[in-house]
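Here, each number is a calculation from the coordinates, and none is a lab measurement. Note that this is a predicted model, so its numbers are computed, not measured. Heads up, the Cβs are rebuilt from the backbone with ideal geometry, glycines too, and the neighbour counts pull from every protein chain shown.
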Amino acid sequence: MITILMFICICNAITEKQVKAAVAAGAHTLRQLQAELGVASCCGCCAETATDYLPGGRYAAHQTVHVLDDQVAPAANDGALPARFTEVIARRA
């Protein structure tokens, strides 16, 4: 398994995963991210990118769920499939 880390803050070695975890734990402002992680507390070049992960930001987690109950007719070979289908669309702005 290969793990790829995307660094948001190079100065403090803060990864995208850490920023997402802080937002999921309740960080809603850049000041809260700075206090928790130290992001954007050195040169400040990462402040805009870090802000994009906050609620309402460009990289905030967006997920739309559509239920396709009777909209999809079963095909001849669909006998083993359940009658209810769910389509999940994850969007990144």
Can you sort MET1, MET6 from fewest to most other Cβ atoms within 10 Å of each residue's own Cβ? MET1, MET6
Neighbour-count ranking for TYR53, TYR59 (other C-beta within 10 angstrom, fewest to most) reads TYR59, TYR53
For a quick check: with amide H placed at 1.01 Å from N, whose amide H comes under 5 Å from GLY38's, ignoring anything fewer than 5 positions away on the same chain? none
Under 5 Å, built H, 5+ apart or other chain: amide partners of ILE14: ILE8, CYS9
When LEU54, LEU30, LEU5 are arranged by how many other beta-carbons sit within 10 Å of their Cβ, fewest first, they go LEU5, LEU30, LEU54
